[in-house]
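The values are calculated or read from the model by the stated rules, or taken from the named source; none is laboratory data. The shown structure was predicted, so the numbers you read here are calculated from the model rather than taken from an experiment. Positions of Cβ are generated from backbone atoms using ideal geometry, with glycine treated the same way; all protein chains shown enter the neighbour counts. Just the protein is used for accessible areas: all its heavy atoms, side chains included, with ligands, DNA and RNA removed. Shrake-Rupley method; radii C 1.70, N 1.55, O 1.52, S 1.80 Å.
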Amino acid sequence: MASIAHQPQIVPQPVTTTKPATGIWSWLTTIDHKRIGLMYGISAFFFLLLGGFEALLIRAQLAQPENDLISAQRYNELFTMHGTTMIFLALMPLTSGFFNYVMPLQIGARDVAFPRLNAFSLWVFIFGAIIINISWFFNEAPNQGWYGYAPLTGTAWSPGRNVDFWMIGIQVLGVASMAASFNFVVTIFNLRAPGMKMMRLPIFTWSTLIVSIMIIFAFPAITVALLLLSFDRYAGTGFYEVAAGGDPLLWQHLFWVFGHPEVYILILPAFGIISEIIPVFSRKPLFGYSVMVYATIAIAFLGFGVWAHHMFTVGLGPTANAVFAGATMLIGIPTGVKIFNWVGTMFRGSLRFTTAMLFAVGLVSQFVIGGLSGVMHAVVPVDAQQNDTYFIIAHFHYVLFGGTVFGLLAGIYFWGPKAFGKMFDERIGKWHFWLTFVGFNLTFFPMHFLGLAGMPRRYFTYAEDSGWGPWNAVVSFGALVLGFSFLVFLYNIYKMVRHGEPAGDDPWDAATLEWAISSPPPAYNFAVIPTVTHRDQLWWDKYGDEHGHAHVQNDDVPKTAEIQREANAAHPHVHLPNPSYFPLLAAAGLGTFALGMLFMNPAITIGLLHLPVLVIVGVALLIFSVYAWAFEPAG
Amino acid sequence: MHRGSTGGRRRTLTRLVTLLALIVLAGGFLLPVVGAQSPYSTISPQSPQAEDIQWLYRLVFWLALAVFVGVQIAIVYAVLRYRRRSNDERPEPIHGNKNLEIIWTVIPAIILLIIFIPTVRTIYAHADQVENGNFTVEVYAKQWWWEIHYADDTGEAAGVVTANDIVVPQGKDVVFKLYSNNVIHSFWVPQLSGKLDVMPGHENKLPITTENVGMYFGQCAEYCGDSHALMRFKVIVQPQEEFDAWATAWKAGPSEASAEFVADGDIAKVPEAFGLCLACHQVEGTNAAFAPEGLDEEAVTDTGDMGPAKFAGPNLSLMGCRTTIGAGILPNTPENMAKWLEDPGAIKPGVYMGEVIEKGTLNDEQIQQLVNYLESLKPAEGCSEIPVQPGVEEQVMPSNP
């Protein structure tokens, strides 16, 4: 307690930043984690809408049996791009947007550890996303499925550039994810405010840390898998070709060693988000904080040991199947613990149902369905019936939509006022929630029935006598409702930006450090670096000690928020690093190099060497930018 | 902490919780029922293997439903009971409870153990059955159809090669050996067993005991390119004597009924228009028994090489008795056969036959000649009757003449 009384009031010198810069150039060269977070969020949201549009086309085609609205080839491109877009271009970067924006604020830092590397990650992500999507303009969109099973991806069966766009695009995106993850891990370990011990970290920051570590371990697997595929496709090696002594099973192992942790990489951030929201709107600390932390670590750890449950039908043999069934079931335990702890947080709380809270509780309720169907799939013989059917599609949409998307929407309603300084319209927000909830269940619950009725995934058409028509019609109608809910959301965003009520610093009476500063926060975040004495610091500030003595005002010690206000009023001169355009240039270099791998022409021929121009330009730009970046004064 | 829980509120609460529980239970009962109408139903088992799976499914389904109902009731209860009533209220900051944490870790663990034990038992039981079969059918998955070879232990049928209709006798422990020399497919007859992938470079074996006479719908369940959705097949379980008659007829070659469509009335020959088909197709007992040099080896004995077997088409012996054309796309009628021969690529996107035969490649006369010939390829005494599909409400009957 005493430490807060002696809060140092030193303002760092020297001085640079004054007013926030504006204009497009300031955004292109920004290294501010908040702006980068926003750009991640906005671009990812665009891809979320694009992926949703692709899903609506899929549903239009499947609305009735023997439909010929969309050709087989186009349909196969659509489902491939829907999956690829949603996972790599929408959900992952959206979570990355939250990590970027919220995490440094939660730990009382002024930015991430490597701000320019952070900008580099953003721009690499955007170039990767563009590379994958320009395939549409060449009528060569990826068509091998988001999981790209060999040998269908080999040149014998996929001679076009469709697979190349995907292979190279994902490889580029991997660079962005790895760079961002290292950045977050270093930031969390090193830039925590004084007093913020690991077990005082806000739970969302814990999620950021664990997910980043997972990415660091998971992505190398797909990098290697894609590299081997590149050799197969470009150099004629045969890593995945039986005829050349390779094995398509190798791809599946490498892919799912990445692919299964990836599922947790997508869901754990959402868990982190609602673990902040539910306590705030229950006015109660998170039930079993330390158990929640350990459960997250357990899920992350076990998540690396269950990949072969995606391969129960490839014939790995009874022992492998039994072991991976057991491991998969084990993962249900920490996940269940999380569910119970959220419900425990709500019990005896004082619940307020803002839109953020509705989506958070919606996640708890809907994720249970995805979790339970997941346990069904761990039962290997049952999985042999359900694998690759609509039952699986229902399952993972309850996880990735009912879980991740609900969590992300909750997060937007929760932190949106912090980022924009304005409040959402809560009435429209509630409409948005209920439309999403109904549309979501109408779309995805009947898919369980379709799966039980034996409808396989990735079918561009089905016969009338299959009996799948009626439920497909319901599903397609549900998809329309779900699509409409996003229009309502867009309108709500527009309304917030144009006419939103001022949010104030702490509109939700929240507990973590980001609510101690203005909304939107100043470029330097904290005028003075805060000192942390408790886990839910702001609640402790506002309502007294954490041992149950509610309603006790601690007026004798300075509060975190007051200290920030006073320091801000004194016009602090906080030293911030200069903006830089080298991260953007370096990313452009990498992007150009990747494009060069796709477009070998134009080329320069010197003797026997046939050098693609784009590759040379890209590599040159990359090397130049990295050098210039290294020697650029930080400001 | 004081809360004004009046009796009225309690009653509302109880009613709401009951209502929710009823809705959920109704949904739960619905779940096992709705899937059953399809010919591809996964919950209408017709073999011991599928019965085993169904038993496991029911176990895990009811346990999952119990957990689901419990959690949803807890959520709804919390939502209704602890709604904020006054802006001043500050609940007690409870940080956790060790006993509760232990309880809700141990209970799921016990439930999972209850599921895990029979899971492992079934995994190993089915693995044992693979080694104890008495009737081996080799299945070669192609883009996008199925080639079927009968192994030496199939009695009369040893050496028979057919496509898409897998005829097997009743009462056998059939082992399907799965091969692919192209991409990955997945062999799946939902009423008879779970699916098993067809992995290039690997030999996968699926045991199915043929208990009930009937026709069972199968389909490819692993994405395999353009026409993945159009790669269907049937397993037709017949009494032993009918099966033997079918195999004998296959080996006997075309009956006299074909004589009027072939040159010189010699049933060992094929119609003139069939010349183009010879590159990929065979008819047992005719001069089309072997495809031309370079293709026949791979076409008949598929060894896993990539080459021409990618292209070689179905063996057409007894084509007149097949249930469908194009791997389950069209019922086998003369009209449909004519449609198929006119422009196969329009019916089955990406099919290799579409590269050889485009619209206009065959004239109407040739098409008619081929249709007549192909539909005549059946035993002299006619095709055996296709049995109905057990366990499915609405029968889908193939238009087999």
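Note on A:PHE301/B:ARG90: beta-carbon distance plugged into 1/(1 + (r/R0)^6) with R0 of 41 Å gives a FRET efficiency of 0.65.
The Kirkwood radius of region A:22-509, taken over pairs of alpha-carbon atoms, gives through the Stokes-Einstein law at 37 °C and 0.692 mPa s a diffusion coefficient of 142 µm² s⁻¹. Residues whose amide H comes within less than 5 Å of that of B:THR324, counting only those at least five positions distant or on another chain, are B:ASN332 (H built at 1.01 Å from N in the peptide plane). Rounded to the nearest 10 degrees, the angle from helix A:33-62 to the longest Cα principal axis of chain A is 40 degrees.
Buried between B and A is an accessible area of approximately 8200 Å², summed over both sides with a 1.4 Å probe.
Interface burial in region A:464-487 reaches 20 Å² or more for A:ASP465, A:SER466, A:TRP468, A:TRP471, comparing the full protein assembly with the chain by itself; accessible area from heavy atoms with a 1.4 Å probe. Note on A:357-366: average number of Cβ atoms from other chains within 10 Å of each residue's Cβ is 2.
Here, P(r) means the percent of Cα pairs in each 10 Å bin from 0 to the largest distance; for region A:269-320 it is 20, 33, 21, 17, 8, 0.
Measuring r between the beta carbons of B:GLU381 and A:ALA320 and using R0 = 35 Å, the FRET efficiency lands at 0.10. The relative contact order of region B:56-175 comes to 18 percent, based on Cα pairs under 8 Å that sit 6 or more residues apart. Computed 3J(HN,Hα) for region A:350-362, one whole-Hz value per residue from the Karplus formula 6.51 cos²θ - 1.76 cosθ + 1.60 where θ = phi - 60°, is 10, 7, 10, 9, 6, 4, 4, 5, 4, 5, 5, 5, x, glycine and proline marked x.
With no solvent and one equal point scatterer per Cα, compute the Debye intensity ratio I(q)/I(0) for the protein assembly as shown at 0.04, 0.07, 0.10 Å⁻¹ and report its log10, rounded to two decimals. Log10 I(q)/I(0), no solvent term: -0.23, -0.66, -1.20. Accessible area per residue for the protein assembly as shown is 37 Å², calculated with a 1.4 Å probe on protein heavy atoms, without ligands, DNA or RNA. Legend note: in the protein assembly as shown, cysteines whose Cβ sits 4.7 Å or more from every other cysteine Cβ are B:CYS220, B:CYS224, B:CYS277, B:CYS280.
Suppose we compare each residue of region B:206-231 in its chain alone and in the full protein complex with a 1.4 Å probe; which ones drop by at least 50 Å² of accessible area? SASA drop of 50 Å² or more in region B:206-231: B:GLU222, B:TYR223, B:ASP226, B:ALA229.
A Förster radius of 25 Å combined with the Cβ-Cβ distance from B:ALA338 to B:ALA268 puts the calculated FRET efficiency at roughly 0.45. Dipole of chain A computed with +1 at Lys/Arg Cβ and -1 at Asp/Glu Cβ about the Cα centre; of A:ILE412, A:HIS499, A:VAL291, farthest Cα towards the positive end is A:HIS499. Shielding by partners for peptide B:180-186, expressed as the average number of C-beta atoms from other protein chains within 10 Å of each residue's C-beta, is 5.
Computed in the context of the full set of protein chains, the accessible area of region B:117-260 at 1.4 Å probe radius has 46% of its extent on carbon or sulfur. Extension gain, A:ALA569 to A:VAL613: 0.36 nm times the residue separation minus the Cα-Cα distance gives 10.3 nm. When the Cα positions of A:TRP471, A:LEU490, A:THR461 are compared along the charge dipole of region A:438-529, A:THR461 comes out farthest toward the positive end, with charges on each C-beta of Lys, Arg, Asp and Glu.
Among the residues of region A:261-292, those with an accessible-area drop of 40 Å² or more from chain alone to full protein complex, heavy atoms and 1.4 Å probe, are A:ARG283, A:LYS284, A:PRO285, A:PHE287. When +1 charges are put on Lys and Arg Cβ atoms and -1 charges on Asp and Glu Cβ atoms, the dipole computed for the protein assembly as shown relative to its Cα centre reaches about 6260 debye.
Taking all Cα pairs closer than 8 Å and separated by 6 or more residues, the relative contact order of region A:22-509 comes to 16 percent.
Across the accessible surface of region A:22-509, with the other protein chains kept in place and a 1.4 Å probe, carbon and sulfur atoms take up 72 percent.
With the convex hull drawn over the C-alpha atoms of region A:201-311, the volume per residue is 94 Å³. Peptide A:237-243 has a mean shielding of 3, counted as Cβ atoms of other protein chains within 10 Å of each residue's Cβ. Taking the average, over residues, of other Cβ atoms within 10 Å as the packing measure, peptides B:205-218, A:566-579 rank B:205-218, A:566-579 from highest down.
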